[in-house]
Amino acid sequence: KIKRAALERRRIKALRVAANAQREIEKRGARRLEWEKELEITQRERDAKKALYKRAKQKIVDELESEAHLWLTTPEEVEKALGNPTASQKLWARPGGMIGAQSGQDTGFGDDGEFWRYECHTWDARPTYKSPKEVMLDELENMAYLQTNNSEHYWTKERVEAEERKEQRARLRAIVREEGRRALLEKQRQMMKDVYGGEEAKTERQKGEKGAKLPATTMPAPKLDYLADYEAQERAGVEMLQRDPTKFFIFESDLPNAKNLGGLQGSGDDADSGLSGASLGRPVALKNPFFNYQPTAFPLRMG
């Protein structure tokens, strides 16, 4: 009986071990099926991503091929297109000149207003000063260069006026975008100041007023999304232009006259605030925010 009981315990233990082993085999099989399913899903996602990248690369190649005839050519064709006097006048006589493909916001050759955005933003800060003689010689050299290379036969009055209108439009667009960028950044700063209120928010909480949503804390660095959104900058700039055109244009009322002897030197925000509509007169020129009504954007150092 004792031997039979021992054998029975061994049989039950063996059955338990076999059941456990069978469960482990089933678990490994289930895990393997899950792994294969996950691997299949991952492979489909990888293939979809590769197909997306392939379509994007093909789109870029198609765009390059559609423009290839504009920049893939022989030296003879380049010399024929750029070596004639008309092309030289279009390309080099005035700032922002371009021949061939048109430039613009919706093309692959940049924005026509981007050139004027950086007008007078830099200053020649060399440690050596130019003497008055050197400055005069440089000006004479520049005048001689313009007289030699600018053709009076090509640059007729109509062409000069057309180019000036184009440059004025590009300059106005650059100024509008710059003012809109400044307005958006100021609006963002004010909104962050309202949220991270500091002493003002603390005072409002003490008075029991609403509006201070967060406790006073260090204001984080602002996001720079506005700096890349040119359309939002232009929309904000156009709103400012419609609201106060005196920030962008010089009107007849700004010019020196019997009532305003100082002209622009005596005009400012306070002076322009009382003028609106027909009292401003017609716009005669664009304001240059980089010069700030001074003869030059930066001082000319002379030794």
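For this structure, a couple of remarks:
- Residue check for E239: modelled with pLDDT of 80 or more and either within 22 Å of L185 (Cβ to Cβ) or in contact with a helix residue (DSSP H, G or I) (Cβ under 6 Å, 6 or more places away or on another chain) (or both): yes
- If only residues of region 70-87 that are surrounded by 12 or more Cβ atoms within 10 Å (Cβ to Cβ) and in contact (Cβ under 8 Å) with a residue 12 or more places away in the chain are counted, the one that is farthest from L146 (Cα to Cα) is A81.
- Search result, residues across region 155-177 that are surrounded by 14 or more Cβ atoms within 10 Å (Cβ to Cβ) and not in a helix (DSSP H, G or I): W155
The values are calculated or read from the model by the stated rules, or taken from the named source; none is laboratory data. Remember, predicted model here, so these are calculated numbers, not experimental data. Reconstructed Cβ throughout: ideal geometry from the backbone, glycine too, with neighbour counts over all protein chains shown.
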